[in-house]
1. Which pairs turn up if I take residues in region 124-147 that are of a type outside the set (A, V, I, L, M, F, W, C) and look for partners that are in a helix (DSSP H, G or I) and open to solvent by 40 Å² or more (accessible area, probe 1.4 Å) with beta carbon separation below 6 Å, at least 6 apart in sequence or on another chain?
2. Do any residues in region 56-79 that are modelled with pLDDT under 80 have Cβ atoms under 7 Å from those of residues that are open to solvent by less than 60 Å² (accessible area, probe 1.4 Å) and part of a loop (DSSP other than H, G, I, E, B), where the two are at least six apart or on different chains, and which pairs are they?
Amino acid sequence: MLKRNKIIDERQELQSLKNVKICWTVVIFLLAISILIQAIIFTSSPQHYMPELGILTVGCFLNIILDARQGNIYTKEMQNPKANLLLYITSALVASLVLGIGNYLKYGFPPIFILAIVIPMFVILLALMLLCDFIYRKAALGRLNKFNKTLEKDEDL
């Protein structure tokens, strides 16, 4: 694979940006529908943010799946593993802190129990993010290799 990892394919970069635009347009549309449904139907539901969480999760997975199906692995963001790792660590830490502090305020646990929530949640979330990144990279690389084999066969003919 030599120095192929250093090459940033402009076609893949543009396709990745198109995928993001499609995904976030769908997310914004679905969130608008969700707000209307909540205003009409779920006025007293304690879990009124669950639809938004589901919609954002679907949007994120849609973006990952579109990029993996098209073999978009050599983009600028994917070439910087330190920035990706920093993003994963920061995201996991913020999410676990929000959960820990939220449970502390909601249930009135002693402050030391915040750590009992934050540490396991941080480890679990970081592991899930790294696993998702690994699966994405493997799937995109496999798809890209399949495209390259198809192109080589077409060139031989």
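1. Short answer, once both residue conditions are applied: TYR136/ILE64.
2. Short answer, once both residue conditions are applied: TYR74/ASP9.
The values are calculated or read from the model by the stated rules, or taken from the named source; none is laboratory data. Predicted, not measured: the structure shown is a model, and the values here were computed from it. All Cβ positions, glycine included, derive from the backbone under ideal geometry; neighbour counts span all protein chains shown. Protein only, heavy atoms only, side chains kept; ligands, DNA and RNA dropped before computing areas. Shrake-Rupley method; radii C 1.70, N 1.55, O 1.52, S 1.80 Å.
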